[in-house]
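Worksheet: one structure, shown below.
The values are calculated or read from the model by the stated rules, or taken from the named source; none is laboratory data. Model, not experiment: these values are computed from the prediction. So basically every Cβ, Gly included, is an ideal-geometry build from the backbone, and we count neighbours across all protein chains shown.
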Amino acid sequence: MKARCLATLLVTLMCSTIHAADLTGTWRIDLPRRGGVLLHTYFVLRQQGAEVDGKVVINEGGEIPLRRAHFEGEDFVFGTDWNTDYRLHPDGDRLEVTVTYVGHGSEKATAVRVPEAAAHPPAALPLPALEPVPPNGLALTPPMGWNSWNHFGDRVDDPIIRETADALVKSGLAAAGYVYVNIDDCWESGRDARGNIVTNTKFPDMKALADYVHQRGLKLGLYSSPGPRTCGGYEGSYGHEEQDAKTYAAWGIDYLKYDWCSAGRIYPESALQAAYQKMGRALAQCGRPIVYSLCEYGMGEVWKWGPQVGANLWRTTGDIQDNWKSMSEIGFNQGRLAPYAAPGHWNDPDMLEVGNGGMTIPEYRTHFSLWCLLAAPLLAGNDLRTMSAEMLEILGNREVIALDQDPLGKQGERLAQRDGIEIWTKPLRDGGRAVGVFNRNDAARTAPFTWKELGLAAPPKEVRDLWRHVDVTPAADGYSASIAAHDVLLLRVR
């Protein structure tokens, strides 16, 4: 009897310990970031006994539900879909928080209670009526260049951009067509007393940086959002579209990537076109030619209205990852969008991962070949300052680049699919065509095809292997080659 009473007492004490601090409410943690910027994250929690549910509002941007939420003693532990885990330890009227970025370290902060309204987005501002924005005449072939996000994330700064511009020139990639040097998220600080957007301390003088890039024959790009915050939690263009466009023009910016991010907390998906049109018109009136890139993850069938908002390219998919599964699932599912690509207006399956280390050389060769057949923007995402000769050979293959940059502006399509082999073709302005034969199997395969399959009544006069840089003699009926696992045979047929 005594043992049973003692066990009951221990259970009671444990439960009372767990429930001693009621987590219900809105809590805020302030996380310092590079560049002297302080970002806010909110926990909106509801507790009933040992059960807690709620959401995380990341840097006043996206809302993320709790995953795997449970108590460990006094600590409340949960994760999110963004590969981030949280441990909340009650300490009086505060919470001591440990934030773990899975695979990328952790940091500690203190959460304090704030009014519930603090985590709410601002009220939606009215959007303009839909009215086509005139074409800007830019990007008549898919834009080529480099973007900071895939490799550097929030570590990007002024020296990295300058060194990357130099690397583009020194490597010969600039001469091959890679001219845009694009700063992605995390360059922003806030706004001055007049509402002008200002840079954080990582970018002390954006105009001087643009001048440096321009002096090398290159162009500079920036990133923003139609919402109040970017995906990283930095200052967006919400309510300041015209003002920001004029600031970009004054700095000498040549390219804008505009990411939906926190706009999704304010506007319904049905407002995508109007929200993007607002910045498109602001860019058209800013006094400087600026390529306009929409990043809305393929929502709202953007390919049907992208040109009407002044866009030169639009994302057709979620974020790419540096692995075979992500790249191949994105790339091989783009063929249905071919009718919407044309000079000045391009489907964008996201930036290149070539050289970031997550795939093999054959897989990166497939990645690059497929993007070129898709007439996709070619925005390198690796560290150009330290890339290997093998990665430079892929990114700098001018014969393959010529397919992407062909002035006819047609996107390739899948012609045949059998036994893990896919055949894609792309028409070219000279009357020839590109042929990509992809082996998606995990082992080498022999891949034959006939000229009749390509729609040719007779054998072609010229067949060029673009990765081996050799002319091959076509057989009378077709062509056959052994292709390594996850590799590609890329031909130009005339």
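Can you tell which of THR425, THR446, THR450, THR473 is hydroxyl-bearing (Ser, Thr, Tyr) and within 31 Å of the chain's Cα centre (by Cα)? Please lay out each step first, then the result.
Numbers: THR446 fails: within 31 Å of the chain's Cα centre (by Cα); THR450 fails: within 31 Å of the chain's Cα centre (by Cα); THR473 fails: within 31 Å of the chain's Cα centre (by Cα).
Result of the check over THR425, THR446, THR450, THR473: THR425.
For residues that are of a type in the set (Val, Ile, Thr) and in a helix (DSSP H, G or I), scanning just region 127-174, find the one that is farthest from LEU218 (Cα to Cα). Write out each step before concluding.
Within region 127-174, the subset of a type in the set (Val, Ile, Thr) is 133, 141, 156, 160-161, 164, 169.
Checking the rest, the ones that are also in a helix (DSSP H, G or I) come to 160-161, 164, 169.
On the way: ILE160: 15, ILE161: 12, THR164: 11, VAL169: 9 Å.
Filtering first and then ranking leaves ILE160.
Taking region 27-63, which residues are surrounded by fewer than 19 Cβ atoms within 10 Å (Cβ to Cβ), modelled with pLDDT under 90 and not small (Gly, Ala, Ser)?
GLU63
Taking region 333-366 only, how many residues are in contact (Cβ under 8 Å) with a residue 40 or more places away in the chain and either small (Gly, Ala, Ser) or in contact with a Leu (Cβ under 7 Å, 6 or more places away or on another chain) (or both)?
14
Using beta carbons and a limit of 9 Å, which pairs, at least six apart or on different chains, have the first residue in region 243-272 and closer than 27 Å to GLY145 by Cα and of a type in the set (Phe, Trp, Tyr) and the second one surrounded by 23 or more Cβ atoms within 10 Å (Cβ to Cβ) and at pLDDT below 95?
Qualifying pairs under 9 Å: TRP260/CYS231.
Would you pick out the residues in region 203-250 that are of a type in the set (A, V, I, L, M, F, W, C) and either buried (at least 24 other Cβ atoms within 10 Å of the Cβ) or touching a strand residue (DSSP E or B) at 6+ places or on another chain (Cβ under 8 Å) (or both)?
MET206, LEU209, ALA210, VAL213, LEU218, LEU220, LEU222, CYS231, ALA245
Against the conditions (1) surrounded by fewer than 24 Cβ atoms within 10 Å (Cβ to Cβ); (2) more than 23 Å from LYS170 (Cα to Cα), where does GLN334 fall short? Just the number, please.
(1)
Answer with yes or no whether ALA458 is surrounded by 18 or more Cβ atoms within 10 Å (Cβ to Cβ) and of a type in the set (Gly, Ala, Ser). Talk me through it step by step, then tell me what you get.
Values: surrounded by 18 or more Cβ atoms within 10 Å (Cβ to Cβ): no; of a type in the set (Gly, Ala, Ser): yes.
It is false that ALA458 is surrounded by 18 or more Cβ atoms within 10 Å (Cβ to Cβ) and of a type in the set (Gly, Ala, Ser).
What tally of residues in region 456-468 results from selecting those that are assigned to a loop (DSSP other than H, G, I, E, B) and either within 19 Å of PHE438 (Cβ to Cβ) or touching a helix residue (DSSP H, G or I) at 6+ places or on another chain (Cβ under 7 Å) (or both)? It would help to see each step written out before you state the result.
Taking region 456-468 and keeping what is assigned to a loop (DSSP other than H, G, I, E, B), we get 456-462, 466-468.
Then keep just the ones that are either within 19 Å of PHE438 (Cβ to Cβ) or touching a helix residue (DSSP H, G or I) at 6+ places or on another chain (Cβ under 7 Å) (or both); that gives 466-468.
Count: 3.
Restricting attention to region 175-226, which residues are closer than 25 Å to ASN397 by Cα, of a type in the set (Val, Ile, Thr) and not in a strand (DSSP E or B)?
Answer for region 175-226, where residues must be closer than 25 Å to ASN397 by Cα, of a type in the set (Val, Ile, Thr) and not in a strand (DSSP E or B): VAL179, ILE183, VAL213.
For region 373-392, give me the residue count where each residue is part of a helix (DSSP H, G or I), touching a residue at least 40 places away in the same chain (Cβ under 8 Å) and either charged (D, E, K, R) or in contact with an Asp or Glu (Cβ under 9 Å, 6 or more places away or on another chain) (or both). Outline the logic, then answer.
Applying the first criterion (part of a helix (DSSP H, G or I)) to region 373-392 yields 373, 389-392.
Retained after the next criterion (residues that are touching a residue at least 40 places away in the same chain (Cβ under 8 Å)): 373, 392.
With either charged (D, E, K, R) or in contact with an Asp or Glu (Cβ under 9 Å, 6 or more places away or on another chain) (or both) added as a condition, the list becomes 373.
Matching residues across region 373-392 total 1.
Out of GLU399, GLU453, report the one residue that is part of a loop (DSSP other than H, G, I, E, B) and surrounded by fewer than 18 Cβ atoms within 10 Å (Cβ to Cβ). Break it down stepwise before answering.
Working: GLU399 fails: part of a loop (DSSP other than H, G, I, E, B).
Among GLU399, GLU453, only GLU453 is part of a loop (DSSP other than H, G, I, E, B) and surrounded by fewer than 18 Cβ atoms within 10 Å (Cβ to Cβ).
The conditions are (1) within 30 Å of ASN356 (Cα to Cα); (2) modelled with pLDDT under 95, and TRP149 fails exactly one of them. Which is it?
(2)
One residue is enough: does region 111-122 have a residue meeting the conditions under 30 Å from PHE368 (Cα atoms) and either part of a loop (DSSP other than H, G, I, E, B) or assigned by TED's automatic domain parsing to the domain that holds SER270 (or both)?
In the first step, residues of region 111-122 are kept if they are under 30 Å from PHE368 (Cα atoms); the result is none.
Scanning region 111-122, I find no residue that is under 30 Å from PHE368 (Cα atoms) and either part of a loop (DSSP other than H, G, I, E, B) or assigned by TED's automatic domain parsing to the domain that holds SER270 (or both), so the answer is no.
Suppose the filter is β-branched (Val, Ile, Thr) and in a strand (DSSP E or B); does VAL435 pass it? So that I can check it myself, show each step before the final result.
Working: β-branched (Val, Ile, Thr): yes; in a strand (DSSP E or B): yes.
Yes; evaluated as a whole, the condition is true for this residue.
For region 150-186, name all the residues that are touching a Ser or Thr at 6+ places or on another chain (Cβ under 6 Å) and more than 30 Å from ASP406 (Cα to Cα).
If the condition is that a residue be touching a Ser or Thr at 6+ places or on another chain (Cβ under 6 Å) and more than 30 Å from ASP406 (Cα to Cα), then VAL156, ASP185 are the ones that fit.
Could you look through region 469-492, keep only residues that are free of Cβ contacts under 8 Å to residues at least 40 places away in the same chain and surrounded by fewer than 13 Cβ atoms within 10 Å (Cβ to Cβ), and pick out the one that is nearest to PHE438 (Cα to Cα)? Break it down stepwise before answering.
Kept after step one, since they are free of Cβ contacts under 8 Å to residues at least 40 places away in the same chain, are these residues of region 469-492: 470-480, 482.
From the residues that got through so far, the ones that are surrounded by fewer than 13 Cβ atoms within 10 Å (Cβ to Cβ) too are 470-471, 473, 476-477, 482.
Numbers: VAL470: 19, ASP471: 19, THR473: 20, ALA476: 22, ASP477: 20, SER482: 11 Å.
Across region 469-492, the extreme among qualifying residues is SER482.
Tell me, which residue of region 22-78 that is touching a residue at least 12 places away in the same chain (Cβ under 8 Å), at positive phi and part of a strand (DSSP E or B) is farthest from the chain's Cα centre (by Cα)?
Per the criteria, the residue is GLY25.
When you go through (1) outside any helix (DSSP H, G or I); (2) under 20 Å from the mean Cα position of the chain (by Cα); (3) without any contact (Cβ under 8 Å) to a residue 60 or more places away in the chain one by one for LYS325, which number turns out not to apply?
(1)
Please go through region 328-341 and give me each residue that is in a loop (DSSP other than H, G, I, E, B) and aromatic (Phe, Trp, Tyr), ordered by number. Outline the logic, then answer.
Step one: filter region 328-341 for residues in a loop (DSSP other than H, G, I, E, B), giving 332-334, 341.
PHE332 - this is the single residue of region 328-341 that is in a loop (DSSP other than H, G, I, E, B) and aromatic (Phe, Trp, Tyr).
Keeping to region 305-322, report how many residues are hydrophobic (A, V, I, L, M, F, W, C), assigned to a loop (DSSP other than H, G, I, E, B) and in contact with a Phe, Trp or Tyr (Cβ under 6 Å, 6 or more places away or on another chain). Spell out how you get there, then give the answer.
If we filter region 305-322 for residues that are hydrophobic (A, V, I, L, M, F, W, C), which is where we start, we get 305, 309, 311, 313-314, 320.
Then drop every residue that is not assigned to a loop (DSSP other than H, G, I, E, B), which leaves 305, 311, 320.
Of the ones still in play, those that are also in contact with a Phe, Trp or Tyr (Cβ under 6 Å, 6 or more places away or on another chain) are 311.
Of the residues in region 305-322, 1 are hydrophobic (A, V, I, L, M, F, W, C), assigned to a loop (DSSP other than H, G, I, E, B) and in contact with a Phe, Trp or Tyr (Cβ under 6 Å, 6 or more places away or on another chain).
Just name the residue that is surrounded by the fewest Cβ atoms within 10 Å (Cβ to Cβ) out of those in region 257-304 that are at positive phi and in a helix (DSSP H, G or I).
Of region 257-304, the ones at positive phi are 261, 287, 297-298, 300-301.
The next check asks that each one be in a helix (DSSP H, G or I); those that pass are 261, 300-301.
Details: CYS261: 26, GLY300: 19, GLU301: 13.
Checking each candidate, the answer is GLU301.
Report yes if ALA444 is closer than 25 Å to GLU329 by Cα, surrounded by fewer than 21 Cβ atoms within 10 Å (Cβ to Cβ), outside the structural domain of TYR364 (by TED's automatic domain parsing) and at pLDDT 95 or above, otherwise no. Before you say what the answer is, go through the steps one by one.
On the way: closer than 25 Å to GLU329 by Cα: yes; surrounded by fewer than 21 Cβ atoms within 10 Å (Cβ to Cβ): yes; outside the structural domain of TYR364 (by TED's automatic domain parsing): yes; at pLDDT 95 or above: yes.
Yes; evaluated as a whole, the condition is true for this residue.
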